[in-house]
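This report refers to the structure that appears directly beneath it.
The values are calculated or read from the model by the stated rules, or taken from the named source; none is laboratory data. Please read these numbers as outputs of a predicted model, since none were measured by experiment. Here Cβ is always computed from backbone atoms with ideal geometry, including for glycine, and neighbour counts include all displayed protein chains.
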Amino acid sequence: MYGAGNIGRGFIGQIFSRSGYGICFIDVAEKVIEAINREGRYPVRILSDNSSAESFRDLWIEGVTAIDGRNAEEAASAIADADIMATAVGVRVLPFIAPVIARGLQKRFSGAIGIGGSRQDSRAVRPLNIIICENLIDANKVLEGLIKNNLSEEEQKLFDENVGLVEASIGRMVPLQTAEMQDGNILRVCVEAYGFLPVDKAAFRGEIPSLAGMHPFDNFDFYIKRKLFVHNLGHAICAYLGMIRGDTYIYETVSHAFILFIAQNAMLESGLALSAKYNASLPDLHYHIRDLLRRFSNKALGDTCERVGSDTKRKLGNNDRLIGAFLSCLEEEVRPAFISIGIAAALFCHLKENKTDQSRAAARNVLKELSGLEEDTVWIDLILSFHSMLASAASGENFDEIARLIIGAASGAGQKPDII
């Protein structure tokens, strides 16, 4: 398991353990590595959405070891011998781990490549499936390119035949771990109960392993887009509107009727577009949205607006949760009126964190720079109008009154002209 952080320990490690695997973590956090090797186990605390203090249970993940990722040869040897592997390190770290993964694969391929680099016996290579738990569309293609840059031509052929880069859609919410959550154990990870892991069925090499909670799907692009354009979209909108309102926690924002209404309708807009594009069940998407909003309200998680809304520059990117969902709607002739409110809220938070004036001109420039959206369209004007209204709400005017006006404007913009 490359990455012993919140997702590595708090989700994938638990799945591997429940499926009967011993787990070797690779990470660079010295205290975590030392604690894992000293204890040989760690607790995952499942937080119920019940508000009582006793609404949790601890699961102990046994039989674990850890390797310092700076010891590249030891890490590569572990990869060479692994039955299955996963990554959860963050997109920016992938370029740093790719050479180590490549070195592990070279060790794994060594029996199939002879002197001079010619192939000897490809049957000597055991398939290795790598489950990629990174919040990035086409993460498999990105990681493939990074790894292959470190492999010879013959090794690249063996890679294509024997290595499965399996994208996963990580739906479990894991907040930043506080000292209170760790409860005296730096290895404890507090998580929600949700444990459904969709993966790309077509990407596996060899037999698909049976992992508790893992569900291989064909047409996996739908599940990646559903995670980003419904789950992440709604989460981000709650965070940005919550920060404007002055909330600290996501559960606070979801308890506010106007924010809940905006987030839910934005998620429904995106769901309509996904249903049209992938012929997906609209009732299923509706129930999924309803369940997500229930999970967002989990007070025990203590998930903050600041964490969920961080990195506005990336989240306003052309292919990310806000703009990606916006463009998906336009492509399927769904009017992204409530998504536009979310984009406006993200614009406000980006300008604020960069100490930039909240003028219409500044918002227009940032929107064009980060998202690449064309200027002078009806929808761009609507986003900028929503931004100006939200700026008024943040400057001391009544948030509820501004939110009510914004909802009215979005409802009118989202209505089809042939509806009576």
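Here are the numbers for this structure:
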read-out	value
Any hit, the stretch 168-183, residues being farther than 30 Å from Arg314 by Cβ and either modelled with pLDDT of 95 or more or touching a strand residue (DSSP E or B) at 6+ places or on another chain (Cβ under 8 Å) (or both)	yes
Count of the stretch 148-184 residues which are in contact with a Gly (Cβ under 7 Å, 6 or more places away or on another chain) and crowded, with 16+ Cβ neighbours inside 10 Å	4
Filtered residues of the stretch 194-216 (kept if surrounded by 14 or more Cβ atoms within 10 Å (Cβ to Cβ) and of a type in the set (A, V, I, L, M))	Leu197, Val199, Ala203, Ile208, Leu211, Met214
Condition check for Leu187: surrounded by fewer than 16 Cβ atoms within 10 Å (Cβ to Cβ) and within 16 Å of Phe11 (Cβ to Cβ)	no
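Each row is one residue, and each column tells you yes or no for (1) among the polar types (S, T, N, Q); (2) surrounded by fewer than 14 Cβ atoms within 10 Å (Cβ to Cβ); (3) at pLDDT 95 or above; (4) under 22 Å from the mean Cα position of the chain (by Cα).
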{"residue": "Gly13", "(1), (2), (3), (4)": "no, no, yes, yes"}
{"residue": "Phe16", "(1), (2), (3), (4)": "no, no, yes, yes"}
{"residue": "Phe25", "(1), (2), (3), (4)": "no, no, yes, yes"}
{"residue": "Val28", "(1), (2), (3), (4)": "no, no, yes, yes"}
{"residue": "Ser51", "(1), (2), (3), (4)": "yes, yes, no, no"}
{"residue": "Glu54", "(1), (2), (3), (4)": "no, yes, no, no"}
{"residue": "Ile67", "(1), (2), (3), (4)": "no, no, yes, no"}
{"residue": "Ile84", "(1), (2), (3), (4)": "no, no, yes, yes"}
